[in-house]
Every structure is written in structure tokens, then in C-alpha cells.
Amino acid sequence: MGLIHCRFMQDLAGKHIVLGLTGGIACYKSAELCRLLVKAGATVQVVMTEAAAQFMTPVTMQALSGRPVYQSQWDVREPNNMPHINLSREADAIVLAPASADFIARLVQGRSDELLSLLCLARPAERVPLLIAPAMNREMWVHPATQRNLRQVDADGARVLGVGSGWQACGETGDGRMLEPQQLLEEIVAQFQPKTLAGQRVVVTAGPTFEALDPIRGITNHSSGKMGFAIARAAREAGADVTLVAGPVHLPTPRGVVRIDVQSAQQMLQASLQAAQSASIFIATAAVADWRPASQSEHKIKKDGSGQVPVLHFVENPDILLALAQGERARSGKLFCVGFAAESENLVAHARAKRERKGIPLLVGNIGPLTFGQDDNSLLLVDAKGERELPRAPKLALARELVTEIAARLPAGSA
Ligand code: CTP
């Protein structure tokens, strides 16, 4: 299992990242980002401005990246004395983290009087993406000059990764914090994924549902939501707009994904119907409770001391996947529906039968007890032509493969 993880988690293997630091207290987070990039298999060349070196020593960044930091365009290490050309040509991406308000303004003007802005200007733009992680005080962030500059760098072909919100080093609270290292890593990994779902709008259901008996108790199941969250992430990496309708799970929302939290199957149905109105792909990974209590007690059901146990009555929940697969959008070919089947035995036969019953083009079978709560899984893809197994692997790796399989089955011109 360890080997499988190693193989798939090196999402940046073979990638060379130029990590540019400019002046801002968020430089302390860039040390962690550098570690994460290296751990993900990338080689990292750090370049720092003079102001960045006030906040973080180049020694720290050298130790973490395993390479001496570049700070000057006059660096004698380069035989041709052109570090701006050499560094920008070697890179698979240039990441500015943190990007200060001043540095973004410099990019807008095409300034090039120090190494980092010089190499950004010299980068072969069609081949080397420039990713910008701004970091600044909230007033600086909302200032029209900053917002104007951000629109301009975006129009000039850079990708602005957004900012976080919360407590700032200056003691104020608001927008403008640099994104967390893990979030930046997710964005950088996503940058390199093939955009097989560009232009698609995807709705994913994930996790269990919770069917309340009373305000304290309810019926649920062991689904962790990990597979659905991985699929939402993979779809977004592939360029889709993604809405994730999530049952009660405590998982972080993948970057750039719109999340709608629900509890019950009925709420999940409503949220899915709503979100799928403009969607082109619906992927039902949720382990929806098949039944819910026929009535929900307003107050906690109490023991009455007699030893009598309560008798519970159930009614069947709506089948969300079926409702969408039978809806107008799916029947007219505008919504491609994918179902999952969680079985405990006889996977091939059950999965085939379930695909027919739900009337969907693609069904993904897995063995419930082997997937619930696990980070790995194996999948059986069943379509009209037959079956194909995706062998055991981390859920994110499987999710990416599934996204590729879905993209290959979409009707031509559906984006
Ligand atoms: N599903 C759904 N709504 C339900 C039940 C299931 O949307 N009320 C979806 C699941 O998200 C999954 C597929 O239908 O994509 C199959 O779910 P599964 O629980 O494996 O099967 P069921 O349809 O419930 O059938 P059974 O319980 O007989 O196996």
C-alpha cells in the first residue's frame, strides 16, 4: 500500500517550480509551501526580492529547497550572466507567493529593475504559467488601485489565486491573507492537470445522509464522503465548474468548489435538483439512506421506565439519481448521469443490474466495506459495452481516472 501512495501522491514529479517571494510577512508561509512542493515531487528554485529577505532568510529557503536562492540579476553563477532567461526557461510554472501590492503594481507596468520582476517579464508566457498568491493588509487589498492592478495582471495572462480572509498580522481582520500552503499546493497541482472538463458544469453528491428521529438521534451510515470530495476536486482540476452537495461530513472543501451542506435525503434531492438545472454532468457518490423515519419527534424520545422499546416506522426516501436520470435534461442528452453502487458481494451482477434500473450511461461499482472511510479504493466501471476495473489506488488518483473516463463519454460538443 505504501508504494501505491508514493507513486500517486507525487503529483508534481518532474515539475520545476520557480517560487518567487516578495516583501510581506506571509513569507513565513512560503517556507511551508516550499516543503510541500518538494514533498509532492517538484524541484523548487527560490527567487527572493530584497524586501522578501527582510522577512525570511535565504538560508531557510535554501535549506528547504535544496538549492541556493537567487536574489540578483547580476548573479555570477550563471555562465551567460542571464539568470532571468535561464530561470524562466527552465520553469514549468512561476509561483509568486507572497505577491505584495507593490510587486503586483510592478508587474502591471512591466518593470524589470530587479531579478524577480525581470524573469516574470522574460517568461515564455505560452508555456510557463505565472501564478500569483497576493498577500496584504485588508485596506490595501480592497483599494481600487490594487483591484485594478489585479484585473490587469489577469488580463495580461497571469492567474491570480485569490486570498484568504481572517486575522491579519497587523491586528486587523478581513480579506488579503495569503492562501494557506496546502491550498496553494492544490492550485499548483491543478494547474498541471489536463482540462478535459473545461466548460462543463458538474454536480456531485457525497457523504451519507442523516435521517432524524428526534432532535438528538437519527439514522445514518459509514460513508466518509472521501470519494465524492475527491471527484469534486478532480473535476475542478479538469476545468469544470463544480457544485458539491455534501451530507454531514467533516472534510475540507476542495479549492474552487461550491459546497452545499445538507442533512437528509430530501434536502439532498432539493439541492441536487436546483444545482443540476444548469449542469451538464451529475455524479451521485452519496450513500443516501434508503429509508427515513415516518415521523420525526419534535422532542427527544424518552424512556418511560416500563422497559418498552419504541416501535419505529420508516418510509422510503426519494431516489435522487433516478429523479435526475429521468428528468428532462438527462433525457434530452444535456445531463450526463453517473451513479455509484455500494455492494457487499456479487459486484459485477449487482452493478450491471443497477445501471439498467437507473437508466444511466455509466455506473461505478465498489465494495462498501472496502471503501467506507478508506483513503484507497478500487472501482468497477460499467457501461453499455461492458466492465473495466480501476485497480486499488488512492481515491484522488481514481477520481482523476474517472473524470477522464467521463470526459471521453460526453456527447460531442457538450461543453
Ligand atoms: N442513490 C440516490 N438516492 C437514493 C439512493 C441511491 O441518489 N435514495 C444513488 C447513489 O448515490 C448511487 C446509486 O444511487 O449513485 C446507487 O446507490 P446504492 O445505495 O448502491 O443503491 P440503491 O439504489 O439504494 O439500491 P440497493 O439499496 O437496492 O442496493
Can you give me the accessible area per residue for the chain, using a 1.4 Å probe, in Å²?
48
GNM result for the chain, Cα springs below 10 Å: residue of Val142, Val95, Val76 fluctuating most strongly:
Val76
Expressed as a whole percentage, what fraction of the accessible surface of region 220-316 belongs to carbon and sulfur atoms when a 1.4 Å probe is rolled over the protein heavy atoms?
50
Nitroxide proxy distance, nm - points 7 Å out along Cα→Cβ at His143 and Ala155
2.0
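Order of 183-190, 308-315, 107-114, 18-25 by packing, highest average Cβ count within 10 Å first?
Ranked by mean Cβ neighbours within 10 Å, highest first: 18-25, 183-190, 107-114, 308-315.
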Thinking of region 95-253 as a set of Cα atoms, what percent of all their pairs are more than 29 Å apart?
36
Just flag the chymotrypsin sites (Phe, Trp or Tyr not before Pro) in region 128-231 sitting in loop per DSSP whose Cβ has no more than 16 other Cβ atoms within 10 Å.
Phe192
Hey, got a sec? Which trypsin sites (Lys or Arg not before Pro) in region 320-398 land in a DSSP loop and have at most 13 other Cβ atoms within 10 Å?
Lys385
More than 37 Å apart - percent of Cα-Cα pairs taken over the chain
36
Need one number: % antiparallel among DSSP beta bridges in region 158-291, to the nearest 5.
30
Using a 1.4 Å probe on the protein heavy atoms, what percent of the accessible area of region 13-191 belongs to carbon and sulfur?
53
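At 222 nm, what value in deg cm²/dmol follows for the chain if DSSP H runs of at least 4 each add -39500 (n - 2.57) and the sum is divided by all its residues, to the nearest 500? Let's see the in-between values first.
Details: 17 runs with 151 residues, N = 415.
Counting only the DSSP helices, I get -10000 deg cm²/dmol.
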When N counts the residues of region 243-366, how does its alpha-carbon radius of gyration compare numerically with 2.2 N^0.38 Å, as a ratio?
1.28
Mind checking which of Ala169, Ala351, Ala271 has the largest fluctuation in a GNM of the chain, springs on alpha carbons under 10 Å?
Ala169
Pick from Pro394, Pro208, Pro194 the residue whose mean-square fluctuation is largest in a GNM of the chain, springs joining Cα atoms under 10 Å.
Pro194
Check each of the chymotrypsin sites (Phe, Trp or Tyr not before Pro) in region 1-98 and keep only those in coil by DSSP with at most 10 other C-beta atoms within 10 angstrom; list them in order.
Trp74
What is the Cα radius of gyration of region 13-191 over 2.2 N^0.38 Å, N being its residue count?
0.95
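The values are calculated or read from the model by the stated rules, or taken from the named source; none is laboratory data. Note that this is a predicted model, so its numbers are computed, not measured. FYI the Cβ positions are ideal-geometry reconstructions off the backbone, even for glycines, and counts take in every protein chain you see. These accessible areas exclude ligands, DNA and RNA; they are computed on the full protein's heavy atoms, side chains included. Shrake-Rupley method; radii C 1.70, N 1.55, O 1.52, S 1.80 Å.
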